[in-house]
Amino acid sequence: MMKLGYVTVSGRGEIDLLLAAVVGTLEADGWNLAGTVQTNIERTDRHHCDMDIRLLPHGPSVRISIDRGAEARGCRLDPDALERSVAWVSCNLEGADLLVINKFGKQEAEGRGLTCVIAEALDRELPVLIGVNGLNLQPFLAFSEGMAERLIPTSDAVIRWCRESRNRNAEDG
């Protein structure tokens, strides 16, 4: 049974804050997590922030954005950093209770990025929690083939879904 939950929240960086809070609570409860959590670092000299992701469970933080200058527009994602992060996450799925993906972004909408890890986790019947912004909601829904559950975007509701998903895994296993 596919256990794929997603959150979407309005406001720059709000999904990242929500997922970081959820991950913090689950880690404190002793969960084994795989995946990514994003931190945005505001810069006073730039329109855009720097984007870092923490690789779960105990990995490094990786800068996934490229500084293209104060006036730069367009994509700032560092594809090499993302691909290294994908490899890390894939290698850490074994024994995980949950896969957390900070964002189903443009790379995932185009079938790249973390889509292979998401599919691998679902094949293993590992619950997956994903942040999805409005720009990529339709591609995400197409990717999930209508099987994803939209979660109420509060820490309590998301944590409840995570616990219920893990309990269903224990009952099914």
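The values are calculated or read from the model by the stated rules, or taken from the named source; none is laboratory data. Predicted model, so just to flag it, every value in this text is computed and none were measured. Virtual Cβ from ideal backbone geometry, glycine too; neighbours counted across all protein chains shown.
Please enumerate the residues belonging to segment 108-120 that are at pLDDT below 95 and either of a type in the set (K, R) or touching a strand residue (DSSP E or B) at 6+ places or on another chain (Cβ under 7 Å) (or both). Those that are at pLDDT below 95 and either of a type in the set (K, R) or touching a strand residue (DSSP E or B) at 6+ places or on another chain (Cβ under 7 Å) (or both): R112, L114. When you go through (1) among the basic types (K, R); (2) surrounded by 18 or more Cβ atoms within 10 Å (Cβ to Cβ); (3) assigned to a helix (DSSP H, G or I) one by one for R84, which number turns out not to apply? Of (1) among the basic types (K, R); (2) surrounded by 18 or more Cβ atoms within 10 Å (Cβ to Cβ); (3) assigned to a helix (DSSP H, G or I), only one is false for R84: (2). Here M147 fulfils each of the conditions (1) closer than 17 Å to V7 by Cβ; (2) at pLDDT below 95; (3) buried (at least 20 other Cβ atoms within 10 Å of the Cβ) apart from (3).
So which of T25, T36 ends up being surrounded by fewer than 17 Cβ atoms within 10 Å (Cβ to Cβ) and modelled with pLDDT of 85 or more?
Values: T36 fails: surrounded by fewer than 17 Cβ atoms within 10 Å (Cβ to Cβ).
T25 is the lone residue from the list that is surrounded by fewer than 17 Cβ atoms within 10 Å (Cβ to Cβ) and modelled with pLDDT of 85 or more.
With respect to the stated conditions, P139 fails to be surrounded by 15 or more Cβ atoms within 10 Å (Cβ to Cβ), at pLDDT 95 or above and part of a loop (DSSP other than H, G, I, E, B). Taken over segment 1-17, the criterion of being over 11 Å from the mean Cα position of the chain (by Cα), among the aliphatic types (A, V, I, L, M) and either within 12 Å of V37 (Cβ to Cβ) or at pLDDT below 95 (or both) is satisfied by M1, M2, V9, L17. Scanning segment 150-159 for residues that are surrounded by 17 or more Cβ atoms within 10 Å (Cβ to Cβ) and at pLDDT below 95 turns up nothing. Of all residues in segment 114-128, those that are farther than 21 Å from E164 by Cα have Cβ atoms under 9 Å from Cβ atoms of residues that are of a type in the set (D, E, K, R), 6 or more apart or on another chain, in L114/K103; L114/E108; T115/E108.
Residue-wise test of (1) under 22 Å from N32 (Cβ atoms); (2) in a loop (DSSP other than H, G, I, E, B); (3) touching a Cys at 6+ places or on another chain (Cβ under 7 Å).
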residue	(1), (2), (3)
K103	yes, yes, no
G113	no, yes, no
I118	yes, no, no
L126	yes, yes, no
F143	no, no, no
I152	no, yes, no
I159	yes, no, no
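I130 meets each of the listed conditions (1) out of contact with any strand residue (DSSP E or B) (no Cβ under 8 Å at 6 or more places or on another chain); (2) assigned to a strand (DSSP E or B) apart from (1).
Summed over segment 96-111, residues that are under 15 Å from I64 (Cα atoms) and without any contact (Cβ under 8 Å) to a residue 40 or more places away in the chain total 4. Against the conditions (1) more than 24 Å from L55 (Cβ to Cβ); (2) touching a residue at least 24 places away in the same chain (Cβ under 8 Å), where does L93 fall short? Just the number, please. The number of the failed condition is (1).
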